[in-house]
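First comes the structure, then the notes that go with it.
Each reported figure results from applying straightforward, stated rules to the coordinates on display, with no laboratory input. The shown structure was predicted, so the numbers you read here are calculated from the model rather than taken from an experiment. Cβ atoms come from the backbone with ideal geometry, glycine included; neighbour counts cover every protein chain shown.
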Amino acid sequence: MLPGSSDKVIIVGAHFDRVSEGDGVVDDWSGASLLPSLYEAVKIEPRKHTYIFIGFTDEEKGLVGSHYYVRQMTKEQVAAADAMVNMDTLGLASTEAWASHSDKVLYGALIYIARQLNVPLDGVNVDQIGSSDAESFTERKIPRITIHSLTQETWNARILHTSKDKLSAMRLDDYYQTYRLLAAYVAYLDQVVGIPAKTTTP
């Protein structure tokens with residue numbers, strides 16, 4: 001937890017469990033290992049949001065850890081949660097976002113930062129592949145976004161949940177660009193989420 005100046009919260013999460021096949025480097029140590037790096041990136045500047053960085057367990061068994069976390073949140077904690085940023089399966093390609101399952105404000109902010117950094121970003125929906133921890137937060141209507149690297153090509157390579165899920169499957173240049181994008185994005189969210197929309201007077 002990284003305290004901010006208000007009671008508003010941004011949650012950043014990834015799951016650290018894996019299936020028995022392979023080493024689980026892509027799914028999902030690629031996401032979990034960025035949690036401390038993003039903590040370090042965000043702590044430099046003063047912020048209004050409190051950041052909570054969470055490594056969820058048992059995602060592969062049905063989002064067990066994230067479901068538990070969401071169920072135990074109080075009404076006050078839910079009201080304070082302005083965003084949930086989920087990282088799952090990074091480094092197979094350039095950065096992707098699950099656009100159809102992402103809050104429009106959060107997705108728009110990601111597009112903006114990607115353009116500012118000149119980092120590739122595509123909306124790739126993975127509705128037919130499975131679920132991820134961000135979906136647990138929809139139960140309590142907390143805005144969420146899932147960032148990944150799955151494309152049709154990387155899915156067809158059958159890396160996930162197989163013996164191919166190891167370090168050699170990672171494209172480290174793409175992974176680094178995803179880190180750069182996420183570090184800037186997570187910091188930027190402190191400025192753009194939870195701020196009432198400006199109203200224009202007639």
Quiz item: Projected onto the charge dipole of the chain (+1 at Lys/Arg Cβ, -1 at Asp/Glu Cβ, origin at the Cα centre), which of Ile142, Ala97, Gly31 gives the Cα projection farthest towards the positive end?
Solution: Ile142
Exercise. Give a residue-ordered list of calculated ³J(HN,Hα) values for region 50-61 (Karplus: 6.51 cos²θ - 1.76 cosθ + 1.60, θ = phi - 60°; whole Hz; x for Gly, Pro).
Key: 8, 9, 10, 9, 10, x, 7, 9, 6, 5, 5, 9
Practice problem: Would you mind telling me the antiparallel percentage of the DSSP bridges in the chain, rounded to 5? | Solution: 15
Quiz item: Where does each of 165-175, 51-61 land if you order them by average Cβ count within 10 Å, highest first?
Solution: 51-61, 165-175
Practice problem: With an 8 Å cut-off on Cα pairs and a minimum separation of 6 or more residues, tell me the relative contact order of the chain in percent. | Solution: 30
Quiz item: Whole-Hz Karplus ³J(HN,Hα) for region 148-162, in order, using 6.51 cos²θ - 1.76 cosθ + 1.60 and θ = phi - 60°, x for Gly and Pro?
Solution: 8, 9, 7, 10, 4, 5, 6, 5, 5, 6, 6, 8, 5, 6, 9
Quiz item: Given H placed on each backbone N at 1.01 Å, which residues far from Ala81 in sequence or on other chains put an amide H within less than 5 Å of it?
Solution: Val9
Quiz item: Once you charge only the Cβ atoms, +1 for Lys and Arg and -1 for Asp and Glu, what is the size of the charge dipole of region 1-118 about its Cα centre, to the nearest 20 debye?
Solution: 580
Practice problem: Tell me which label goes with the value of mean projected area of the Cα convex hull in nm² computed from the coordinates here: [x] 16.6; [y] 12.1; [z] 10.5. | Solution: [y]
Quiz item: For Trp29, Trp98, what ranking results if the residue with the fewest other Cβ atoms within 10 Å of its Cβ goes first?
Solution: Trp29, Trp98
Self-check item: Amide H contacts under 5 Å for Ala97, placed H, 5+ residues apart
Solution: Asp122, Gly123, Val124, His148
Practice problem: Mind telling me which of Ala93, Ala157, Ala183 comes out most flexible in a GNM of the chain, alpha-carbon contacts under 10 Å? | Solution: Ala157
Exercise. Count charges around Asp17 for me, please; just the other residues with Cβ under 10 Å from its Cβ, Lys/Arg as +1, Asp/Glu as -1.
Key: -3
Self-check item: Charge dipole (debye, nearest 20) of the chain; +1 at Cβ of Lys and Arg, -1 at Cβ of Asp and Glu
Solution: 640
Quiz item: Projected onto the charge dipole of the chain (+1 at Lys/Arg Cβ, -1 at Asp/Glu Cβ, origin at the Cα centre), which of Gly130, Val12, Phe56 gives the Cα projection farthest towards the positive end?
Solution: Val12
Practice problem: Please sort 9-20, 115-126, 130-141 by packing, taking for each peptide the average over its residues of neighbouring beta carbons within 10 angstrom, highest first. | Solution: 9-20, 130-141, 115-126
Self-check item: Note, ³J(HN,Hα) from phi for region 78-95, Karplus 6.51, -1.76, 1.60, rounded to Hz, x at Gly and Pro
Solution: 5, 5, 7, 7, 8, 6, 10, 9, 10, 10, 8, 6, 9, x, 7, 7, 5, 5
Self-check item: Cut-off under 5 Å, modelled amide H: who pairs with Gly13 long-range
Solution: Ile54, Val85, Asn86, Met87
